[in-house]
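Novice: Starting off with a structure, shown below.
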Amino acid sequence: MSILVIAEHNNEELQAATANTLTAAKEIAEKTGSEISLLVAGGNCNAVAEAASAIPGVAQVLLADSPALEKQLPENFAPYLSELVKEKSFTYVIAPSTTQGKNVLPRAAALLDVAQISDITGIVDGDTFVRPIYAGNAMQTLKSSDTIKAMTVRTAAFDPADLTGGSCSVEKLGDAADVGLSRFVSEEVVQSDRPELSNARIIVSGGRGMQSGDNFEMLEKVADKLGAAVGASRAAVDAGYVPNDMQVGQTGKIVAPDLYIAVGISGAIQHLAGMKDSKIIVAINKDEDAPIFNVADYGLVADLFDAVPELDSQL
Amino acid sequence: MKILVGIKRVVDANIKVRIKADNSAVDVEKLKMVVNPFCEIAIEEALRLKESGVATEVIAVSIGSDSCHEQLRTALALGADRVIHVATDEVIQPLAVAKLFNAIVEQEKPGLVLFGKQSIDGDNNQSGQMLAALSGMAQGTFASEISIEGDEIMVTREVDSGLQKVALKLPAVVTADLRLNEPRYVSLPNLMKAKRKPIESISVAELGIDITPRLSTVTVLNPPERSAGEKVANVAELVEKLKSEGAL
Ligand SMILES: Cc1cc2nc3c(=O)[nH]c(=O)nc-3n(C[C@H](O)[C@H](O)[C@H](O)COP(=O)(O)OP(=O)(O)OC[C@H]3O[C@@H](n4cnc5c(N)ncnc54)[C@H](O)[C@@H]3O)c2cc1C
Ligand SMILES: Nc1ncnc2c1ncn2[C@@H]1O[C@H](COP(=O)(O)O)[C@@H](O)[C@H]1O
């Protein structure tokens, strides 16, 4: 048995999600006696493969460096991936549960005629996995009867693996075809000096209670003092206060930092689905009956426009 | 251009579900069932494309037991021209959903397929991508804006790093994210009228698709409960507690 892990990267460097996904892969490897190969697929991504070859516990890096894969368009990437899995007889193909992983892996799984198990949070044995359903209100244990198991990993559920200290070979794979179904047009990448939401140790999130995008500056000041990332509820994103990549929840990012500070967020189940596995939850809300207080370790009933500046001055 | 929309019947998003005593499944009996919120957004987008003259016909399709007639009637009341029920009482997993839809795609030859990005019960986020694979179509997942330009559809996608825009050859599969639009409400008179409209029905056997599940459920359990902690009186106390826990 052998495992193929798809690396998350931006053609320049490996992204954090890769490290958590590898932890899940290693657990499967231990339970099944398998070897892990890491696929770096992209365009001009040699540096990523170099870096990946230093990851302990990875037997080999497979480098698919090809113009047709530069933006990882699923129309080009999925057939390439499914052929690779067949050719090298991988029995597991695993991607992080990022928008990239969710985009390409189901397409490849369908081409392989196998099911995909989305968002695994636990591994029972080589065929049996745990995943949340109903916005995390139930945990389902599933057994797969497919010979090839395709799955995405909920990164917040696995600690990051070490990415340095090892050494393995890099095998260059052949070119991918552009199947001509899709074109990349443009992207707006949100630039920030703050840590990424998905691997920040502390997150300060704002909701509809923030009232405007400008008011998020208050949270940013606190975040900068704490070295924290800034997140948001769907209501804050829908209202246009902040961009979509900041949304935490069932349909946004799933996070589990050491400390999550929810400011002006009511605590709808869809929001809780994205943050309730945080180690410590703090809620600041003026409504003492807000459901967020049912999951908060520390609740402060206060007007956020008083409490947040005060918090800022006390840090 | 015909648009095919996938409509799934799910438990209302506001309900906190309970698990059956034998831990075999979530208990959905007697709960309020609705159109999956992301499918509502998909159908809304289809209707807007028809209203703006881009689409000629909107066909809503739901796979499941006869009870999903209720959601198909909602689709009719919202303005769908036709609805198709793919009848089965079996548990349908995304690969089977994709295969069944692929058979309908072959019959109907739509110019565009609109799905929700995920169903809020299974939270799979797979069916659209799988259908795109099987039918050889391009896919635009997590769509927050679409526009049809000639033989292509431009799709703005909500991705982890921000927004990405792609151009896809038509026909294509697009999966709707929350910000694609604000769905309209169903009016009662339209719902009454929809009761008299026909629902086309086709069985899984007639479509000749093997839907045997590849995944079997071992157990369904409650997640670890989080209990309420303490209320602090002021910011100073909050900071002190967090410091003493080593969180700051
Ligand atoms: C299919 C689906 C998917 C969804 N996915 C997500 C998701 O991924 N993430 C998500 O977050 N939501 C999601 N939602 C939406 C979710 O149901 C809630 O509507 C949303 O989380 C509410 O955001 P909020 O708490 O910011 O706003 P509200 O519920 O309006 O709460 C605002 C809170 O701010 C407090 N407040 C107001 N002013 C002040 C003040 N001056 N000082 C202190 N407190 C104040 C209020 O007391 C209130 O509790 C989803 C919904 C659906 C149906
Ligand atoms: N039983 C079904 N009937 C109709 N459409 C479905 C069904 N299951 C899934 N879909 C479509 O696929 C989307 C994604 O579902 P999923 O892959 O289960 O998260 C849904 O929003 C629907 O548009």
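Novice: Taking region B:65-99 as the region of interest, how many residues are in a loop (DSSP other than H, G, I, E, B) and either within 9 Å of ligand 2 (Cβ to nearest atom) or open to solvent by 10 Å² or more (accessible area, probe 1.4 Å) (or both)?
Specialist: The number of residues fulfilling the criteria is 9.
Novice: Here is a follow-up. Return yes or no: is residue A:173 more than 14 Å from every other protein chain (Cβ to nearest Cβ), touching a residue at least 40 places away in the same chain (Cβ under 8 Å) and among the aliphatic types (A, V, I, L, M)?
Specialist: Here the answer is yes, as residue A:173 does meet what is asked.
Novice: Go through (1) touching a helix residue (DSSP H, G or I) at 6+ places or on another chain (Cβ under 8 Å); (2) on the phi < 0 side of the Ramachandran plot; (3) not β-branched (Val, Ile, Thr) one by one and return the number of the condition residue B:151 breaks.
Specialist: The single condition residue B:151 does not satisfy is (1).
Novice: Here are the criteria: (1) closer than 25 Å to residue B:34 by Cα; (2) in contact with a strand residue (DSSP E or B) (Cβ under 9 Å, 6 or more places away or on another chain); (3) touching a residue at least 24 places away in the same chain (Cβ under 8 Å). Tell me which single one residue B:123 does not satisfy.
Specialist: (3)
Novice: Could you pull out the residue among A:191, A:116 that is open to solvent by less than 40 Å² (accessible area, probe 1.4 Å) and within 12 Å of chain B (Cβ to nearest Cβ)?
Specialist: A:116
Listed here are the residues, each with its yes/no results for (1) within 16 Å of ligand 2 (Cβ to nearest atom); (2) in contact with a Lys or Arg (Cβ under 8 Å, 6 or more places away or on another chain).
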| position | (1), (2) |
| --- | --- |
| A:92 | no, yes |
| A:109 | yes, no |
| A:115 | yes, yes |
| A:121 | no, yes |
| A:147 | no, no |
| A:152 | yes, yes |
| A:155 | no, no |
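Novice: Check region A:135-146 and report whether any residue there is farther than 22 Å from residue B:23 by Cβ and more than 7 Å from chain B (Cβ to nearest Cβ).
Specialist: Checking region A:135-146: not a single residue is farther than 22 Å from residue B:23 by Cβ and more than 7 Å from chain B (Cβ to nearest Cβ).
Novice: Within region A:122-139, which residues are in contact with a strand residue (DSSP E or B) (Cβ under 6 Å, 6 or more places away or on another chain) and part of a loop (DSSP other than H, G, I, E, B)?
Specialist: Result: A:127, single match.
Novice: Now a separate question. If you take just the strands (runs of 3 or more DSSP E) that sit entirely in region A:254-315, which of them hold at least 1 residues that are open to solvent by 10 Å² or more (accessible area, probe 1.4 Å) and touching a Gly at 6+ places or on another chain (Cβ under 7 Å)?
Specialist: Hits in region A:254-315: A:280-285, A:298-301.
Novice: Identify, by number, the condition in (1) open to solvent by 30 Å² or more (accessible area, probe 1.4 Å); (2) not in a loop (DSSP other than H, G, I, E, B) that residue A:142 doesn't meet.
Specialist: Against the list (1) open to solvent by 30 Å² or more (accessible area, probe 1.4 Å); (2) not in a loop (DSSP other than H, G, I, E, B), residue A:142 comes up short only on (1).
Novice: Within region B:112-156, take every residue that is more than 11 Å from chain A (Cβ to nearest Cβ) and crowded, with 20+ Cβ neighbours inside 10 Å and give me the one that is farthest from the chain's Cα centre (by Cα).
Specialist: B:146
Novice: Give me the residue from region B:1-16 that is within 16 Å of ligand 2 (Cβ to nearest atom) and not in a strand (DSSP E or B) and, out of that set, farthest from residue B:74 (Cα to Cα).
Specialist: B:13
Novice: Being open to solvent by 20 Å² or more (accessible area, probe 1.4 Å), assigned to a loop (DSSP other than H, G, I, E, B) and more than 16 Å from ligand 2 (Cβ to nearest atom) is the filter here; which residues of region A:224-253 pass it?
Specialist: Hits for region A:224-253 are A:227, A:239, A:240, A:241, A:243.
The values are calculated or read from the model by the stated rules, or taken from the named source; none is laboratory data. From a predicted model like this one, the values you see are computed outputs, not experimental measurements. Here Cβ is always computed from backbone atoms with ideal geometry, including for glycine, and neighbour counts include all displayed protein chains. When the accessible area is computed, the model is the full protein with side chains, heavy atoms only, and any ligands, DNA or RNA have been set aside. Shrake-Rupley method; radii C 1.70, N 1.55, O 1.52, S 1.80 Å.
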